[in-house]
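The values are calculated or read from the model by the stated rules, or taken from the named source; none is laboratory data. What you are looking at is a predicted structure, and each value in this text was computed from that prediction instead of being measured. Because the Cβ atoms are built from the backbone with ideal geometry, glycine has one as well, and the counts that use them run over all protein chains shown. All accessible areas refer to the heavy atoms of the entire protein, side chains included, with ligands and DNA or RNA removed. Shrake-Rupley method; radii C 1.70, N 1.55, O 1.52, S 1.80 Å.
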Amino acid sequence: MAGEKITTRAQDYSQWYLDIVHRAGLAENSDVRGCMVIKPNGYAIWERMQRALDGMFKETGHVNAYFPLFIPKSFLAKEEQMAEGFAKECAVVTHYRLKAIPGKGVEVDPEARLEEELIVRPTSETIIWHTYKNWIQSYRDLPLLINQWANVVRWEMRTRLFLRTTEFLWQEGHTAHAKQAEAEEETHRMLEVYRRFAEEWMAMPVFTGPKTDGQKFPGAVYTLAIEAMMQDKKALQAGTSHFLGQNFAKAFGVQFQSAEGKLESPWATSWGVSTRLIGGLIMTHSDDQGLVVPPRLAPVHVAIVPIGKTPEEQKATVEAAGQLAAAIAAMPRDPFYGYDPLTVRIDKEFDKSPGFRFNEWELKGVPVRVEIGPKDLVQSACVLARRDRPGKEGKQMGIPLSDAPAKIDALLRDIQKSLFEKALAFREANTHRVDSYEEFKQKIEEPGGFFLAHWDGAKETEDRITQETKATIRCVPLEGTAEEGNCMVTGKPSKGRVVFAKAY
RNA sequence: CGGGGUAUAGCUCAGCUUGGCUAGAGCGCUUGGUUCGGGACCAAGAGGUCGCAGGUUCGAAUCCUGUUACCCCGACCA
């Protein structure tokens, strides 16, 4: 309800998350179980993410294409691990026609059963590699660097807005290479793109590294992931990049003739991030006042709130707001803000109290709010408020209107930086090194967080830990944790610490 | 798929145990007025086949049977 405070994180973390999604107008549950409606405010964030990511994909040589939503059932069966991994969560189209029943609506026409049932894609490796068979004949056709922006469906038992929904939006890159080394390089390159996007745009620090065999993508030789820490200290897998080896090429009979005239199977990668990132964004930065969006992804950067009691005051402050908005719009474009100009909103809802309006803009996560009231106008000034420090604490009074555009630009950059630093400090404060399993079992419950510990590399050990503590190995981090040691459970030798955490 | 729960206004819910006139509240919405520098207030309105189908009864939101949907907890997952 408008006018009421949201649940605080301390009260109930998941209710806090739902309140933010609802009150900031990001998404709502639809009438279709497990599926969400992404509302304009939420979709605008996704669009900003898409533009930034798409630019990074293009810079690394990729092009976009689109493959079908439906996949013949037989395709899925060709790659066995994949079939096994996704079988339990595939939606299946069995009929192609309905019949109108007068007075009763419609029912499935039993006469219209499909010869071959169609799977709604849970991911597109199979149909894409079936298509690549026709596209790849020569080493000259490689590398093939294609991305698609699409929706996919995975029939989840339990869903949460953005974090896990039955249908979600994502991008999936699918590349083919002549040499193994090239494909592996690509797998790492795209992981690095994701890391940069997470840190530089989302202001969300991540650990990167391979998943354990038990947690890799079905059909992959190995899976690299970016893992972020949410404010409840749980981990969120925010993106994955897979080295697929020749598994799909062989399953779909894709071969090319090398320069030496030999027939070879190409090497593959696939990589993706989804609307789940929006959930990660919320849980990384938002506070008890509402949503916090880093400036580089904010659909609206500046909200100007003119304040006035009388019609004259209102007219004067709205006019000043308009001039300021024009001055901001006239600033030179900067790639820092992505492909769009700075967006400014002027809030003319004078029938609401100023306090209400301030709170609404904080709730919506707009990084900078400008207040212009009669008292400011006397000295041609305004008040700047930064969202990352809510309430009066983040206000700067008496900023001359003529200086405001430059100050706002500086403020936005500072907010972007501060958000990252704050998130990083939080993660570091909650990442612990442990060497004894007893200590681990205790600390994973309280205080919780990420735990860097030695593990012997055995699936049985991993399973045991997961069973006993509900924590999983998030990744084997690439960032400097190589270190000789002994597995905290079995005492067997280990070459480096891995990241344990409870996860979404 | 196992265990629990709910279904009444756009939203959150009361009413049901113990059947009874025209089914209620808060929030939101509309209109008018007063307010206005950190979540204002007053007044008047609009809005509901009480999930659906049967049954019991003079009478059902309320009792009974069936049915459907959704939510929560567990096993699976980006």
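Observations on the model:
- Contact order for chain A, expressed relative to its length and based on alpha carbon pairs under 8 Å spaced 6+ residues apart, stands at 14 percent.
- Counted over all Cα-Cα pairs of region A:431-501, pairs farther apart than 13 Å make up 59 percent.
- Trypsin sites (Lys or Arg not before Pro) within region A:409-504, DSSP loop, no more than 12 other Cβ atoms inside 10 Å: A:470
- FRET efficiency, 1/(1 + (r/R0)^6) with R0 30 Å, evaluated for residue A:8 and residue A:29 via beta carbons: 0.85
- Trypsin sites (Lys or Arg not before Pro) restricted to region A:309-407 and DSSP loop, no more than 11 other C-beta within 10 Å: A:309, A:333
- Expressed as a whole percent, the accessible surface of chain A that belongs to carbon and sulfur atoms is 51, based on a 1.4 Å probe.
- Pair-distance distribution of region A:34-84: all C-alpha pairs, bin width 5 Å, starting at 0; shares per bin in whole percent are 4, 14, 12, 12, 16, 18, 18, 5, 0.
- Unit charges on C-beta of K, R, D, E only; dipole of chain A, Debye: 580
- Residues in region A:267-289 reached by a label modelled at residue A:39 [backbone nitrogen below 20 Å; 7 Å Cα→Cβ]: A:275-289
- Trypsin sites (Lys or Arg not before Pro) within region A:12-51: DSSP coil, no more than 13 neighbouring Cβ in 10 Å: A:33
- The alpha-carbon of residue A:133 sits under 28 angstrom from the alpha-carbons of these lysines, leaving out residues fewer than 8 places away in its chain: A:58, A:73, A:78, A:88, A:179, A:216, A:250, A:262.
- Among complete DSSP H helices in chain A, those whose alpha-carbon atoms stretch at least 30 Å along the helix's long axis and whose mean Kyte-Doolittle hydropathy reaches -0.5 are A:404-429.
- For region A:418-458, the fraction of alpha-carbon pairs in successive 5 Å shells from zero, as %: 6, 22, 24, 20, 14, 9, 4, 1
- Note on region A:431-501: antiparallel DSSP beta bridges, both residues inside, total approximately 75 percent of the bridges counted.
- Label-point separation in nm, residue A:356 to residue A:323, each point 7 Å along Cα→Cβ: 3.0
- √(5λ) per eigenvalue of the Cα gyration tensor, region A:307-362, largest first, Å: 27, 15, 6
- Packing here is the average count of other Cβ atoms within 10 Å per residue, and on that basis the peptides A:81-89, A:69-77, highest first, run A:69-77, A:81-89.
- Under a model in which nothing but the beta-carbon of Lys, Arg (+1) and Asp, Glu (-1) is charged, region A:1-131 shows a dipole of about 400 debye around its Cα centre.
- Scaled to the globular estimate 2.2 N^0.38 Å, the Cα spread of region A:300-411, given as radius of gyration, is 0.99.
- Long-range tail of P(r) for region A:209-339 (Cα pairs > 19 Å, %): 71
- Neighbourhood net charge (10 Å Cβ-Cβ; Lys/Arg +1, Asp/Glu -1) for residue A:25: +2
- In region A:353-442, the ratio of gyration radius to Kirkwood radius, Rg to Rh, stands at 1.24 when only Cα atoms are counted.
- Residue A:349/residue A:407 FRET efficiency (R0 35 Å; Cβ-Cβ; nearest 0.05): 0.90
- For chain A, convex hull of alpha carbons as volume per residue, Å³: 185
- Percent antiparallel among DSSP beta bridges (both partners in region A:300-411, rounded to 5): 50
- Reported value for region A:68-204: 168 Å³ per residue, from the convex hull of its C-alpha atoms.
- In the full protein context, chain A carries 46 Å² of accessible surface per residue, based on a 1.4 Å probe and ignoring ligands, DNA and RNA.
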